[in-house]
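Single-structure report; data block below.
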Amino acid sequence: RLPPAAVSSNEGDVTDRAPEGGSGGADVRHVTLVPRRALRWLLMCGLVIGIGYALLLTHPRPLFAYELQHAGIVVHATQPIPDEMRATLDRARARLNTSTIADPAPVHHVFMCQSRWLFALFARNHYKAGGIANVYIGQNVFLRESDMRHDRLIGASGRPTPPDRPLSYFIAHEI
């Protein structure tokens with residue numbers, strides 16, 4: 001027959017006591033694997049990290065020191081943006097203007113992630129893609145490493161994309 005269980009004053013600890021006058025009188029303690037206090041702490045940490053990540057997705061500008069606004073598109077980058085990027089943005093705007101669903105009114109924000117880890121941070125499980133548009137969170141466009149001077153995106157393989165898919169194509173496609 002099992003002895004009755006009594007909950008101790010320590011949160012999450014349970015003490016089994018032998019009945020009065022029973023054999024041995026020794027206390028046997030069973031500790032739960034994760035005390036409630038630790039579970040609450042982990043839950044709060046996860047919540048803070050999740051909210052912080054959502055804020056980073058909606059407001060990534062602090063990670064990007066350089067900015068160029070041209071043709072209704074704002075490019076943010078971690079490295080200086082060459083003047084040749086203006087021509088790339090003109091080509092992207094020309095592609096957008098041929099689309100029937102394009103709206104020329106809003107200013108579009110494109111973030112050039114010049115390192116793999118930075119692109120993976122924003123692309124999440126789509127880290128092998130050329131770019132990603134966060135339609136529901138912040139409405140920002142994130143592109144992987146590129147050669148902004150020559151209008152070329154650097155693919156996941158580390159090689160430039162084919163000439164028929166220039167950087168301007170990816171900018172227009174993701175917007």
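The values are calculated or read from the model by the stated rules, or taken from the named source; none is laboratory data. Note that the structure is predicted; figures quoted are calculated from it, not measured. Using ideal geometry, Cβ is built from the backbone for each residue, glycine included, and neighbour counts are taken over all protein chains shown. In case anyone asks, the SASA skips ligands and DNA or RNA and just uses the protein heavy atoms, side chains included. Shrake-Rupley method; radii C 1.70, N 1.55, O 1.52, S 1.80 Å.
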Region 28-172 shape via C-alpha gyration tensor axes, a/c threshold 1.5: prolate
Charge dipole (debye, nearest 20) of region 42-175; +1 at Cβ of Lys and Arg, -1 at Cβ of Asp and Glu: 300 debye
FRET efficiency for LEU56 and VAL107, using Cβ-Cβ distance with R0 set to 22 Å, rounded to 0.05: 0.60
Virtual spin-label span in nm between ASP83 and ALA133, 7 Å along Cα→Cβ: 3.1 nm
Residue-span extension gain [HIS70 to ARG149] - 0.36 nm each, minus C-alpha spacing: 26.9 nm
Carbon/sulfur fraction of accessible area - region 28-175, other protein chains in place, 1.4 Å, %: 60 percent
